[in-house]
Amino acid sequence: MKNFGPAILLVILFIGSAHSQSIKSSLNPTFDSKVDSILRLMTLDEKVGQMNQYNGFWEVTGPVPQEGDAAVKYAQLRKGLVGSMLNVTGVENVRAVQKIAVEDTRLGIPLIIGYDVVHGYKTISPIPLAEAASWDLEAIRKSAEVAAEEAAAAGINWTFAPMVDISRDARWGRVMEGAGEDPFLGSRIAYARVKGFQGDDLKAVNTIAATAKHFAGYGFSESGRDYNSVDVGTSTLYNDILPPFEAALEADVKTFMNSFNLLNGIPATGSSFLQREILKEKWGFKGFMVSDWGSIGEMIPHGFAKDGMQAAELAANAGSDMDMESRLYVEHLTALVQSGKVKESVIDDAVRRILTVKYELGLFDDPYKYCDEDREKTVTGRQDFQDAVLDMAKKSVVLLKNEKQLLPLRKSGMKIALIGQLAGDKDSPLGSWRALGEPNSAVSVLEGMNAFPGNSLEYVEGVKFTEGTPGFAFETKINTTDRSGFEAAKNAARNADVVVMVLGEHGFQSGEGRSRTELGLPGLQQELLEEVYKVNPNIVLVLMNGRPLIIDWAVEKIPGILVGWHLGTQSGNALAQVLYGDYNPSGKLPMSFPKNVGQIPVYYNYKATGRPTNPGSDLVFWSHYMDSPNEPMYPFGYGLSYASFDYSNLKLSSDGFAKDGSITVSIDLKNTGSVTGKETVQLYIRDLFASVVRPVRELKDFQQVELKAGESKTLSFQITEKSIGFYNNDGKWIVEHGDFKVFVGGSSQASLEKDFKFLEK
Ligand code: BGC
């Protein structure tokens with residue numbers, strides 16, 4: 001414990017009877033020195049307390065807990081030994097805990113209140129992977145803004161989002177939470193989301209601090225099994241995993257969260273390479289790092305720390321500033337400082353970071369600024385939020401296939417059979433990170449389609465693919481035996497002009513802890529699809545999914561396929577409007593859809609092998625499978641429209657450029673269809689020879705453009721050094737001279753290409 005001189009002791013005793021008002025008046029004018037002034041008033045225990053985050057631990061507005069775990073935590077809160085709480089929601093509850101921190105503790109330092117506001121708070125927007133499919137950065141930013149405003153009105157001032165983990169493995173359930181497989185798109189989206197949550201003024205009452213998570217590598221868990229080890233080379237780490245985190249930092253993200261996984265044998269939580277060397281030193285991050293839930297303690301089962309004491313030491317020294325719920329900091333850090341294993345300067349640095357974010361949020365000016373009951377009432381569920389999440393949901397839908405002109409559906413004179421448990425499901429569209437979204441509060445596809453009354457619509461479940469109510473626990477069983485609904489489904493299909501089948505995953509089948517080894521339609525849904533097809537092949541398949549699914553049979557047989565993800569509160573309205581053509585689908589896949597599980601990881605920006613093809617030979621010695629093509633079913637960037645687009649006239653302003661120069665790439669795009677449509681024009685490059693081999697294609701830019709039927713436009717892009725540079729294996733950004741290709745088109749398989757050079761002079 002630090003030895004306080006008598007003068008300082010006196011200050012402490014004086015402040016001891018006061019609350020944050022006293023702190024406010026004792027502060028120096030400049031921001032940093034304000035934080036330092038508080039730091040000087042704090043005991044070591046109080047500093048350690050700021051680094052301790054607890055889950056909401058008792059019925060906060062109920063009686064004070066007298067015994068057990070809740071009582072211990074409550075007592076610590078009153079002693080100023082808790083710096084943050086998570087999962088305390090609603091103004092009444094937040095006010096209750098804040099009141100204790102501010103009015104009962106010696107220094108009255110306010111809590112920062114965290115929550116997983118991942119895609120909405122009560123008004124739920126599409127899952128992040130779906131939003132990524134929109135490639136619409138404005139809409140994505142808006143969706144985060146809505147979430148922030150609604151959460152902030154309910155007392156929350158910090159979200160554990162965005163998750164910016166790149167992943168190439170659809171088995172990993174958390175792909176639903178990210179932006180897919182590509183570091184460029186992922187970076188643009190990371191930036192948009194952080195800006196959306198934090199706004200331009202963090203002190204405003206409708207913005208909250210964001211978290212870039214999970215630092216780092218979590219999306220590369222071996223075999224797609226959640227929490228599993230990650231072993232990646234430096235090329236992948238620097239060029240694929242880290243860029244979205246850096247983009248979040250460029251957007252001024254205030255906090256980072258580390259991750260559960262080992263990265264090359266070292267737990268991310270205990271990695272000073274990640275947290276100190278890269279994040280805080282190289283990138284100059286000034287905010288704080290929160291651990292993932294219990295991840296400090298998990299370093300023990302990992303085999304990295306022998307006990308809780310050592311785990312706390314390793315995590316603190318490695319730069320984990322706040323302990324989410326392992327409780328090891330509050331238990332051991334004071335002793336670790338006293339024994340010299342952790343320097344007090346490490347603690348000071350962490351606390352300075354935490355206090356700074358609290359300041360930036362304005363909590364020292366008014367700890368109750370997020371606690372306004374009236375605002376909570378008027379803001380929650382506001383109509384403009386509904387409009388924004390509907391807009392986001394429509395933009396997230398991806399049209400994979402549209403043969404026989406089945407889509408859009410005519411608005412009158414048709415008999416439509418709507419089949420599938422998910423078509424009537426008001427819960428699954430909320431997804432598995434639904435924050436406080438009310439159970440069963442989404443608009444179902446059935447309800448959405450009923451808003452178009454011109455056709456006759458018959459709804460049949462066909463099969464209940466789940467038995468029991470889906471939720472966080474494992475009880476939800478998938479029905480593999482009861483086919484009793486098949487006949488009714490077939491009868492409805494037989495009498496219909498068009499059959500719309502909504503099949504896929506229930507809302508808790510993807511998400512944290514939901515890794516899967518089979519990615520077909522769960523339960524008896526595939527069988528139902530095949531049976532219905534026998535009686536009426538005019539089927540539009542609407543997938544409801546939290547990740548890429550394996551739909552090889554459907555792709556071969558079913559004429560219309562839409563990816564409908566878990567689209568949130570307005571899901572059914574969005575899907576109905578797309579089905580009926582009131583919104584022309586414009587989404588593009590942010591993640592490849594594999595043909596089969598054996599191909600995974602399958603992604604567009606792979607590196608070429610030394611044996612990429614077998615021109616003219618029937619020998620097997622080239623890099624391929626004997627039983628499957630190498631290519632995915634649908635590649636990254638793919639998605640159709642009810643319009644069609646023709647790309648032509650790819651031109652470069654010159655065939656080379658040198659340092660500080662650029663090339664303008666132009667392309668003519670024509671809407672050759674009969675309706676207005678929006679296209680996402682994508683530009684990829686390939687660095688043909690490099691000192692570290694580069695991917696066969698890399699997305700480097702994109703633009704969205706809406707064209708009327710028959711309309712054409714010339715679009716242009718710039719290629720600069722930024723487009724062609726990369727990180728070498730030491731993590732150094734380099735730009736190499738040489739030969740490149742540029743490709744422009746509507747997916748990662750864009751076929752128009754040109755060569756260019758980066759010249760020495
Ligand atoms: C997840 C984090 C989340 C935290 C708090 C953990 O299990 O990995 O992403 O923010 O829980 O809910």
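The values are calculated or read from the model by the stated rules, or taken from the named source; none is laboratory data. Being a predicted model, the structure only gives us computed values, none of them experimental. Every residue, glycine as well, gets a Cβ built from its backbone with ideal geometry; the counts of neighbours run over all protein chains shown. Only protein heavy atoms, including side chains, enter the accessible area calculation; ligands, DNA and RNA are left aside. Shrake-Rupley method; radii C 1.70, N 1.55, O 1.52, S 1.80 Å.
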Can you work out the Karplus-derived ³J(HN,Hα) for every residue in segment 630-643? Use 6.51 cos²θ - 1.76 cosθ + 1.60 with θ = phi - 60°, whole Hz, and x for glycine or proline. 7, 6, x, 5, 10, x, 3, x, 7, x, 9, 9, 6, 8
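For THR613, THR476, THR211, give me the order by solvent-accessible area with a 1.4 Å probe, most accessible first, ignoring ligands, DNA and RNA. Can you show the working numbers first?
On the way: THR613 90, THR476 30, THR211 0 Å².
So the residues, ranked largest to smallest area, are THR613, THR476, THR211.
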Net charge around ALA212, counting only other residues with Cβ within less than 10 Å of its Cβ (Lys, Arg = +1; Asp, Glu = -1)? +1
Kindly state, as a whole number, the per residue volume in cubic angstrom of the convex hull around the alpha carbon atoms of segment 142-225. 88
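Probe radius 1.4 Å, ligands and nucleic acids left out: which of TYR459, TYR74, TYR684 has the largest accessible area, and how do the rest follow? Before the final figure, lay out the partial values.
Numbers: TYR459 70, TYR74 30, TYR684 0 Å².
Result, largest first: TYR459, TYR74, TYR684.
Which of the pairs LYS142/LYS254; LYS280/LYS700; LYS286/LYS306; LYS426/LYS464; LYS401/LYS678; LYS490/LYS595 have their Cα atoms more than 22 Å apart in this structure?
On the way: LYS142/LYS254 19 Å; LYS280/LYS700 27 Å; LYS286/LYS306 31 Å; LYS426/LYS464 14 Å; LYS401/LYS678 16 Å; LYS490/LYS595 28 Å.
Those over the limit are LYS280/LYS700; LYS286/LYS306; LYS490/LYS595.
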Given the protein chains as shown and a 1.4 Å probe, how many square angstrom of GLU298 are accessible, to the nearest 10? 70
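On alpha carbon coordinates alone, what is the Rg over Rh value for segment 335-488, Rh being the Kirkwood radius?
1.19
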Provide the FRET efficiency to the nearest 0.05 for the ASP552-PHE472 pair, computing r from the beta carbons and using R0 = 30 Å. 0.45
What trypsin sites (Lys or Arg not before Pro) in segment 30-137 are in a loop by DSSP, with at most 11 other Cβ atoms within 10 Å of the Cβ? none
What 222 nm value per residue comes from the helices of the chain, counting each DSSP H run with n ≥ 4 as -39,500 (n - 2.57) and dividing by all residues, nearest 500 deg cm²/dmol? -8000 deg cm²/dmol
Binning every alpha carbon pair distance of segment 163-202 at 5 Å from zero, what are the percents per bin? 6, 26, 27, 18, 13, 7, 3, 1
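Nearest 5 is fine: what % of DSSP beta bridges in the chain come out antiparallel, could you say? Provide the component values of the computation, followed by the final result.
Working: 49 of 91 bridges.
The antiparallel proportion sits near 55 percent.
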If you take the charge dipole of the chain about its Cα centre, with +1 on Lys and Arg Cβ and -1 on Asp and Glu Cβ, which of ILE667, VAL117, PHE256 is farthest toward its positive end? ILE667
Ordering VAL389, VAL330, VAL64 by the accessible surface of their heavy atoms, 1.4 Å probe, largest first, yields VAL64, VAL330, VAL389
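Go ahead and run the numbers for FRET between ASN491 and VAL735, Cβ-Cβ distance against an R0 of 45 Å, rounding to 0.05. Provide the component values of the computation, followed by the final result.
Numbers: r = 65 Å, r/R0 = 1.44.
Approximately 0.10, to the nearest 0.05.
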How much length is gained on full extension from ASP69 to MET626, taking 0.36 nm per residue of separation minus their Cα-Cα distance? 194.8 nm
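Within a Cβ distance under 13 Å of ILE667, other residues only, what is the Lys/Arg minus Asp/Glu net charge?
In short, -1.
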Quote the accessible area belonging to VAL696 in square angstrom, nearest 10, computed with a 1.4 Å probe and with ligands, DNA and RNA left uncounted. 20
Just the C-alpha atoms of segment 217-359: what Rg/Rh do they give, with Rh taken as the Kirkwood radius? 0.96
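Over the Cα atoms of segment 480-597, compute the convex hull volume and normalise it per residue, giving Å³. Mind showing how you got there, number by number?
Details: hull volume 14.8 nm³, N = 118.
Per residue, the Cα convex hull of segment 480-597 comes to 125 Å³.
Give, as a single signed number, the net charge of other residues whose beta carbon lies under 9 Å from the beta carbon of GLN570, with Lys and Arg counted +1 and Asp and Glu -1. Intermediate results must be reported in sequence, preceding the final value.
Details: positive: LYS394; negative: ASP387, ASP391.
Net charge in that neighbourhood comes out at -1.
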Rg and Dmax [Cα atoms of the chain; Å; Rg one decimal, Dmax integer]: 27.3, 90
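Rounded to the nearest 0.05, what FRET efficiency do LEU688 and GLU530 have when you use their Cβ-Cβ distance and R0 = 56 Å?
Numbers: r = 46 Å, r/R0 = 0.81.
For LEU688 and GLU530, the calculated efficiency is 0.80.
Using the Cα centre of the chain as the reference point, and only Cβ charges (+1 on K/R, -1 on D/E), how large is the resulting charge dipole? Debye, rounded to the nearest 20. Before the final figure, lay out each step's value.
On the way: 78 positive and 95 negative charges, 144 e Å.
So the magnitude is around 700 debye.
For Cα pairs less than 8 Å apart in space and 6+ apart in sequence, what is the mean separation divided by the residue count of the chain, i.e. the relative contact order in percent?
13
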Given a 1.4 angstrom probe, I'd like the percentage of the accessible area of the chain that is carbon and sulfur, rounded to a whole number. 50
For GLU277, tell me the accessible area in Å² from a 1.4 Å probe, rounded to the nearest 10. 100
